[in-house]
Amino acid sequence: MESIIAYGIALLAAPLFPGFILKVKAFFAGKKGPPLLIKYYTVLKLFRKGSVYSTSTSFVFRMGPTVSFVTAAMALLFVPIAGASPVLSFHGDVIVLFYLFGLGRFFTVIAALDTASPFEGMGAAREVYFATLAEATTFSILVIFFRLNGALSFGEFFAGTNPITVWGGAGALLLLVIVSLFMVLLTENSRVPVDDPATHLELTMIHEVMILDHSGPDLALIELGAFFKLLFYAAFITCIVQPLQFTSPWLHALLFFGIMGLIYVAVGITESITARLKMNLVPKFILTSFALVFFAAILTTRVVS
Amino acid sequence: MDTYLFSLVVILVGGILPLFTYKKFTVMKAACVIITAIGSFTGLYAALSFLIHPVENAVISWPWLHHFEIALQMDAMAAFFLIPIFFICPLATLYSFHYMHHEKQSGKTAISYFFSAVLFVSMALLTTANNMLTFALAWEIMSLSSFFLVVFDFRNKETRKAGYLYFIFAQAGALFLFAAFAVIYSQTGTLSFDSISAMPENMKLIAFVLAFMGLGSKAGVFPLHIWLPHAHPAAPSPVSAVMSGVMIKMGIFGIIRFYMLLAPAGEIYGQIILVAGMISGILGVVYALGVHDIKRLLAYSSVENIGIILLGLGLGMLGVATGNSTMAAFGFAGGLLHVFNHSIFKSLLFMGAGSVIHKAGTGKINELGGLMKTMPVTGKTFLVGAVSISGLPPFNGFVSEFLIYYGAFYGLAHGSSFLLPMLTIISLAVIGGLAASCFTKLVGVAFLGEPRTENAAKASECGIAMRISMVVLALSCIVVGVFPEPFVHIVFRVVSGLPIAATVSPTVFIDLVRNISLVAVLFLGILGITMLLRKGLYSGKPMAKGPTWGCGFTQPTVRMQYTGTSYAMSIVGFFRPFIHSENVYSGIQKIFPGKTTYKTKVSDRAESAILETVVKPVFWVLDKLRWIQHGEIQLYIAYIVLAIVILLLAQ
């Protein structure tokens, strides 16, 4: 029951946190910024609208948003949110989880290609390219976690007698993991310096350009899916860095969401103080994250033995 | 065993009959389809009933040419490999009912049916071969019959060239295989399979490497794969479906068979197979991204999937060598299940490719587009195949890749063999990402968007027989993906034949697979609910239609669409040292630019390397020996006499 409540809270709170990013960016720009609940208003507004469909599209275009929404919502089922055990957990679920994201991406990409727009094709090509590179980092992180903890399930990583936490024995090594995980977060969720969600030129976009032709409730589903995905990665990092285990679930949840908020603030700060990278530098950025975890994985041979 | 032999006879009858009835085109095709189906279902029944109730000593043998013995034996692994043969082959035959539509080519079609039947039977015999002679015989019949199928369109020069290339590779591969047999025979002094495991360890390694070269060239292991991207586009699509879906798996079958017969001890076997798997897997899919002919692309994707299968088998062998039973069992199980899964979705994709080529007249994806609307059944089944082959849940490709991942993770626990399992995991992740890129390209460019040419716009849905085959295969992808339990059971039965894997309890497999099944059902359930909610949200809302947003550009043309070339360009560029892409760009010279051209061509590094290092030296040597061939018949006879005399004296 506790798990389901935590899952529900996570789903409901997902649109709140991106508001933090906007606030931080506004602060750096010396502006007041939109209200904190802006994303809720956006989603509700979109749900009330109808849609315009391009004559070039087929059923694939209409399926894309639904699939990406469902896969992102399902991924959160495996995450121990705020200390509650995950709704769904079994040995090997991490592999399922990242492949679910892969399925969501597959449909987002083919929905983009369905519009016959050159811009969306461009975005799609970039998305699959960068995602492939990020996949190498993600699975190397799983290798490290398996070496440290012997688990293959998201819930078990952070539970039991030997949880993965930066405050434990392998903390120094996990610092490397956290940095590269943050880089993967930026990549997978189309944030600066990989992609700029606020840019105005379609030629420079990755994710935003792929969804140019979606409108109304379909667009709202895509947005919600993106919020869930960002929340997933933020929760992933939070689980590693959470310092204390409170006995009271409320205090624990408060701390958990507090840290998660700080990660969103970190995203906002990154976006405010860095410019986006040139497209040909993005692979280097992602491969840096891979190099970090590969190094950390080799270090595990010493730490474990 | 009797049922099995009976099924082979029936299939053979189905192949011989068209030779006499070819004058009645439709009757011939229908009879062949029905008889092949009856034979295959009988065979499928025999294989499945063997797997459910194994019979001890299912052996049969008869003498041949006084000295030799043809011996067949049914065991769990043979029965497992018979399943794709007896499942895919009748569907491919059914598919060809509408694919082979030129009544003028009736005679040729009849011959093609004959060789198809010979191919099916030889593959089945190969799986049950119980001595080296039977194995070699079945192997050669398989290679030759498939060669005749490839050169169906022999009047076309390109087809002949592809056919010869395939022929050379098949025979060179057989040469290696027979060399391995010779090594084994020199040690054991018998053609039987029984005493192979008693060979000394160093000879085992030599025999295994030779056999791997021969079997690997059939399977399409990089860099011995180069016949695949030539032969598959040249062959008719039902033939490509059988060759890529089933026949190349016979190479994999041979590798497992010889590994088990040799029962070697060292870690080197697993290491060889793993490294070969990583190279095939990654470079196969990179080349698949680089080429833009639908059947060439699928051929390279077969190279990739053979790589994934080898990763599974390599983990299994490494697990056996290091005593890691979980890694061994899951590696072998994943590899074997991927054999089965790949046979389903690769045949499906080749059939889809065939109907596209049939109706749109071209297989170049940059000239296609928008087929999802004009060919809905082909398009949807192709989409299912594409998602499956990318290894994504809830389809079948995911289940086998999951098992391989699982085995690899358990390989990490052993300190000494830490690096290879880790590289396996990273390779699998990268292959997964690249495969998704490759098949989004294929589906997105060929089936979605706007048609790029007249021909693509005029394409219409293919014949009912073709559609039925594709729908059956697409449904199989979903069934295996959502309810993998019985299939994993079968695979586990095969794997438990290994001494080490017997220590892994089947409940571990079953629990895992039930969880995958749960996720798949949950996914489909939530997807259904979300779709209903979405429908509710849209009810009574204004829905408008309009052109695609061109970012302010008001004169869009279909030529503006992203092509397969541009889509894959940056990824191909990333792998530049391993893939050679030649770009010719005329550039823009004047202020008001005239016509410019841009050409890009990807050439296979392995092909040019083999050309340089093998073909050219061989030609050089043969050129020096030209004087032997002078055309004087009496001297030729003298050669023969001389050779016999020398041989007699040497004895």
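The values are calculated or read from the model by the stated rules, or taken from the named source; none is laboratory data. In this text the structure is predicted, and so the values were computed from the model without any measurement. Positions of Cβ are backbone-derived with ideal geometry, glycine not excepted, and every protein chain shown enters the neighbour counts.
Odds and ends about this structure:
- Residues that are surrounded by fewer than 24 Cβ atoms within 10 Å (Cβ to Cβ) and touching an Asp or Glu at 6+ places or on another chain (Cβ under 6 Å) were ranked within region A:62-105; the one that is farthest from the other protein chains (Cβ to nearest Cβ) is A:84.
- Only one entry in A:115, A:132 is β-branched (Val, Ile, Thr), in contact with a strand residue (DSSP E or B) (Cβ under 9 Å, 6 or more places away or on another chain) and within 7 Å of chain B (Cβ to nearest Cβ), namely A:115.
- If the condition is being among the aromatic types (Phe, Trp, Tyr) and in contact (Cβ under 8 Å) with a residue 12 or more places away in the chain, then region B:555-613 contributes B:562, B:567, B:575, B:578, B:585, B:598.
- When the residues of region A:231-273 are filtered to those that are among the hydroxyl-bearing types (Ser, Thr, Tyr) and farther than 18 Å from residue A:134 by Cβ, the one that is surrounded by the fewest Cβ atoms within 10 Å (Cβ to Cβ) is A:247.
- When we screen A:162, A:189 for residues that are of a type in the set (S, T, N, Q) and at pLDDT 90 or above, the only hit is A:189.
- Residue B:333, sole failed condition from (1) of a type in the set (A, V, I, L, M); (2) under 16 Å from the mean Cα position of the chain (by Cα); (3) at pLDDT below 95: (2)
- Any pair with Cβ under 7 angstrom, 6 or more apart, that starts in region A:39-60 at a residue that is at the interface with another protein chain (Cβ under 7 Å from one of its Cβ atoms) and ends at one that is surrounded by fewer than 16 Cβ atoms within 10 Å (Cβ to Cβ) and assigned to a loop (DSSP other than H, G, I, E, B): A:50/B:541; A:50/B:542; A:54/B:547; A:55/B:547
- Any hit, region A:171-186, residues being modelled with pLDDT of 90 or more, assigned to a loop (DSSP other than H, G, I, E, B) and under 30 Å from residue A:296 (Cβ atoms): no
- Filter pass, residue B:567 being within 9 Å of another protein chain (Cβ to nearest Cβ), under 30 Å from residue B:606 (Cβ atoms) and either at pLDDT below 85 or outside any loop (DSSP other than H, G, I, E, B) (or both): yes
- Scanning region B:1-43 for residues that are in contact with a Phe, Trp or Tyr (Cβ under 7 Å, 6 or more places away or on another chain) and either of a type in the set (Lys, Arg) or crowded, with 18+ Cβ neighbours inside 10 Å (or both) yields B:11, B:15, B:18, B:28, B:29, B:32, B:33, B:40, B:42, B:43.
- Criterion applied to A:197, A:193 was being at negative phi and out of contact with any Phe, Trp or Tyr (no Cβ under 8 Å at 6 or more places or on another chain), and the one residue passing it is A:197.
- Any hit, region B:273-280, residues being within 14 Å of another protein chain (Cβ to nearest Cβ), in contact (Cβ under 8 Å) with a residue 40 or more places away in the chain and in contact with a Cys (Cβ under 9 Å, 6 or more places away or on another chain): no
- Residues of region B:498-531 satisfying the condition of being exposed (fewer than 14 other Cβ atoms within 10 Å of the Cβ) and not in a helix (DSSP H, G or I): B:499, B:505
- Any hit, region B:363-374, residues being within 23 Å of residue B:276 (Cβ to Cβ), touching a residue at least 12 places away in the same chain (Cβ under 8 Å) and not in a helix (DSSP H, G or I): no
- Leading residue by the ranking (farthest from residue B:285 (Cα to Cα)) among those in region B:404-443 that are among the hydroxyl-bearing types (Ser, Thr, Tyr) and facing chain A (nearest Cβ under 8 Å): B:406
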